[in-house]
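Below: the structure, in C-alpha cells.
The values are calculated or read from the model by the stated rules, or taken from the named source; none is laboratory data. This is a predicted model, so every value here is computed, not measured. Because the Cβ atoms are built from the backbone with ideal geometry, glycine has one as well, and the counts that use them run over all protein chains shown.
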Amino acid sequence: MAQVYLAEQASLGRQVALKILKRDLAGDETYVQRFHHEARAAASLTHANIVQIFEVGCVDGVHYIAQEYVQGQNLAQVIARNGPPDVKLAVTIMRQAASALHKSAEHGIIHRDIKPENIMLTPDGLVKVADFGLARITRDEAAPNLTQIGMTMGTPLYMSPEQIEGKSLDSRSDIYSLGVTCFHMLTGQTPFRGETALSVAVQHLNEPPQRLENLRSDLPDGLCRIVHQMLEKNPDDRYQTARQLILDLRALQIPGGGGDDECPDDLEQWTTHEMQALVDQRTAATQQLDALMKSATAQKASRPGLLLIAGCLVAALLTGAAIAWSLREPPLLADADPAALTVAKKETVERQIFYASMLGTEAGWLAVEKHFPDETDAVIRAKQERAQIYLSQDQFEPALEIFDEMAAHEDESRRAFGLAGQAVVYHMQENREAFVFRLEELEKMAGDSLDPQQLKEKLGLDPRMIELIHGVIKKHQRDMDEELAAKWKNWQESRFSDDTASPDAG
C-alpha cells in the first residue's frame, strides 16, 4: 500500500519513518480510508511495544504517516540471518509481543496481520509491533468496514482459521497468528507450507501442526504447550486473552533466566525493556499533559489548582526534554558515512554481537572488532558480516579484502566463506576464470557437489552466502547457455550461408 522512507523531522531533529501512500492508490477512496484508518488505530495505542504514530496528513494530494523509526531489524530478518534464537531470547520476544496484543485488545483493536515482518527488534532487545494497517476497531460499531464481503486480509501463512473463512474476529485471532509466528521463530519454518495460498489456508483449517518438541528437543515442555495452545483451531480452545498468555510465559522456568524473578507481579508495570524505551518515548506524557490542560481550561473557574499542577507538569516535561536533547545521539542522516558513527561498548561480547546484528550496519560490526579485539570468533563473525554488507552495497574492494583473508584461513568453514565471497565478487566483476576456479575449489571442499545442503552441513556456510553463491551459479549457467546458443547460431549461419551448401553435404 505504501512506500516507506527514512526521514528527519527538522523541528525536533529526530528520525522518523515516513510512510507515503502509493500514488496509484491515492485516487481510490477505499485505500485512502484504510491508510488513515491505520494511523487512527495505531495512534490510539501508546505502549513501549507498539510503533508510535506521530502525525498523519495529506499535502498536495500526498497522503502520509510519520511514525517512530525503529532502528533494527524485523523478526523475519533476524531468523533468516541468525536462525532460531535461544529459548530465553525467544520467550522475551514472545512476552513483549503478547504485551502489545494485550494493549491493543484493551482498546478493542485487532491487528489482523501479526507475522515476523511486523515484529521489530531494536538493538537493545525491545520488541515493537508495527503496521496496524489491517486493524479493525471492534468497539466502535460505527467504524467503516473496509474489508469487502468475502474478502480476507492478512498473510495466509499466519492467518487464523476464522480469518481464512471470513468470519468475525476478536483478539484470539491475533493470538493464533502470534502462535504461528512463534512456531516460525522457534523452528525456522512455518507450521504449514504450500505452493499456493489456498493450499496453506486449507492446512490451517484442517491439519494439525507438527509437534514442536519433535522439531527441537531443547525446548521446555511448557513452552511447547503454550505455543500449541495458541495454535488451537477453535478459538475457544486457545488463550482467551493475551493476559493469560503473558502469565503462562512468566511462569515458565527457563534455564539461565526468564522466570518470574525477572518480571513484575503486576501486568501493567513496565518491564526492564519498556523502561529503556521510556528514554525516547515521551508521547504518552505529552498526550496526558494535553488532556490535563484541556480539562484545566474547562474547569479553571471551579478548580484553579489544576492549572498549577499542569504548569508543574509542563516544567517537568520541558526539563526532561531538554536533558534528553542534550544527551541525544547525532542523527544518522547528518553523516552519510556509517563507519563514522560510533557504537558504545556493551557489557559483554554476546550483547555487543546482538546489538550489531540488530543494527545491521558496518558501524555496529566495527564496534565488535574495536571493543572486543581478543575475542577471535566474534571478530571473525564481525568481519564476515561487514563483507556481506559491502557486497550488498557493491563495495567490491573492501569486501574482497575480507574474502581474501578468509580464503587463506586454515578453518574449513571460514575458507569456504572466503571462496564463496570471492566467487560472487569475481562473477560481478565478470572475471570468469577467477570465478570458475573458486567454484571448483568449493566443489572439492563440499565433496564435488554445490548442493545447498552440502554447503550448509559440510562447509558451514550461512543461508545468505548459500543464496548468493547459487544465485551467481544460475546466472553463470544462463550466460553460458546464451553464449553456447549464440555460437551455435553463428556456426549454422556461417556453415549454411552459401546457397550451394547443403546440410546433407559432408
Exercise. Would you be able to say whether some residue in the range 85-107 is in contact with a Lys or Arg (Cβ under 8 Å, 6 or more places away or on another chain), within 30 Å of Gln253 (Cα to Cα) and modelled with pLDDT under 85?
Key: no
Practice problem: Examine the range 164-179 for a residue that is more than 15 Å from Ala98 (Cα to Cα), in contact (Cβ under 8 Å) with a residue 24 or more places away in the chain and not in a loop (DSSP other than H, G, I, E, B), and state whether such a residue exists. | Solution: yes
Practice problem: Please state which one of Leu450, Leu419, Leu468 is under 29 Å from Ala76 (Cα atoms) and at pLDDT 85 or above. | Solution: Leu419
Self-check item: Every residue from the range 50-60 that is assigned to a loop (DSSP other than H, G, I, E, B) and either within 19 Å of Asp113 (Cα to Cα) or modelled with pLDDT under 80 (or both)
Solution: Val51, Gln52
Quiz item: Scanning for something closer than 18 Å to Met230 by Cβ, more than 18 Å from the chain's Cα centre (by Cα) and at pLDDT 90 or above, does the range 177-185 turn up at least one residue?
Solution: no
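Yes/no matrix, rows are residues, columns are (1) under 18 Å from Asp113 (Cα atoms); (2) out of contact with any Leu (no Cβ under 9 Å at 6 or more places or on another chain):
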site	(1), (2)
Pro161	yes, no
Glu165	yes, no
Arg172	yes, yes
His184	yes, no
Thr190	yes, no
Ser199	no, yes
Glu207	no, yes
Gln210	no, yes
Ser217	no, yes
Quiz item: With respect to Glu38, is the statement that it is among the acidic types (Asp, Glu), at pLDDT below 90 and closer than 24 Å to Gln96 by Cβ true?
Solution: yes
Quiz item: Out of (1) touching a Gly at 6+ places or on another chain (Cβ under 9 Å); (2) among the aliphatic types (A, V, I, L, M); (3) touching a residue at least 40 places away in the same chain (Cβ under 8 Å), what's the single condition that is false for Leu205?
Solution: (1)
Practice problem: Could you please find all residues in the range 419-438 being surrounded by fewer than 20 Cβ atoms within 10 Å (Cβ to Cβ) and either part of a helix (DSSP H, G or I) or of a type in the set (Ser, Thr, Tyr) (or both)? | Solution: Met428, Arg432, Glu433, Ala434, Val436, Phe437
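Can you tell which of Ala80, Ala76 is touching an Asp or Glu at 6+ places or on another chain (Cβ under 9 Å), farther than 12 Å from Leu18 by Cα and outside any loop (DSSP other than H, G, I, E, B)?
On the way: Ala80 fails: touching an Asp or Glu at 6+ places or on another chain (Cβ under 9 Å).
The conditions single out Ala76.
Being β-branched (Val, Ile, Thr) and either closer than 16 Å to Cys182 by Cβ or surrounded by fewer than 18 Cβ atoms within 10 Å (Cβ to Cβ) (or both) is the filter here; which residues of the range 56-87 pass it?
Scanning the range 56-87 gives Val59, Val62, Val78, Ile79, Val87.
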Quiz item: In this structure, does Ile53 turn out to be surrounded by 19 or more Cβ atoms within 10 Å (Cβ to Cβ), assigned by TED's automatic domain parsing to the domain that holds Asn118 and under 24 Å from Gly125 (Cα atoms)?
Solution: no
Exercise. Go through (1) of a type in the set (S, T, N, Q); (2) in contact with an Asp or Glu (Cβ under 8 Å, 6 or more places away or on another chain); (3) modelled with pLDDT under 90 and name the single condition Asn118 misses.
Key: (3)
Self-check item: Members of the range 1-44 found to be in a helix (DSSP H, G or I) and of a type in the set (Asp, Glu), listed by number
Solution: Asp24, Glu29, Glu38
Practice problem: Considering only residues that are part of a helix (DSSP H, G or I) and among the charged types (D, E, K, R), look in the range 83-96 and name the one that is nearest to Thr361 (Cα to Cα). | Solution: Lys88
Exercise. Scan the range 426-441 and give yes if some residue there is basic (Lys, Arg) and closer than 24 Å to Gln352 by Cα, otherwise no.
Key: no
Exercise. Quickly run through the range 406-418 and pick out the residues that are farther than 12 Å from Gln384 by Cα and either surrounded by 19 or more Cβ atoms within 10 Å (Cβ to Cβ) or touching a residue at least 12 places away in the same chain (Cβ under 8 Å) (or both).
Key: Glu412
Exercise. Select, from His47, His63, the only residue that is part of a strand (DSSP E or B) and over 23 Å from Leu223 (Cα atoms).
Key: His63
Quiz item: Has the range 380-398 got any residue that is more than 25 Å from Pro123 (Cα to Cα), over 27 Å from the mean Cα position of the chain (by Cα), crowded, with 20+ Cβ neighbours inside 10 Å and not aromatic (Phe, Trp, Tyr)?
Solution: no
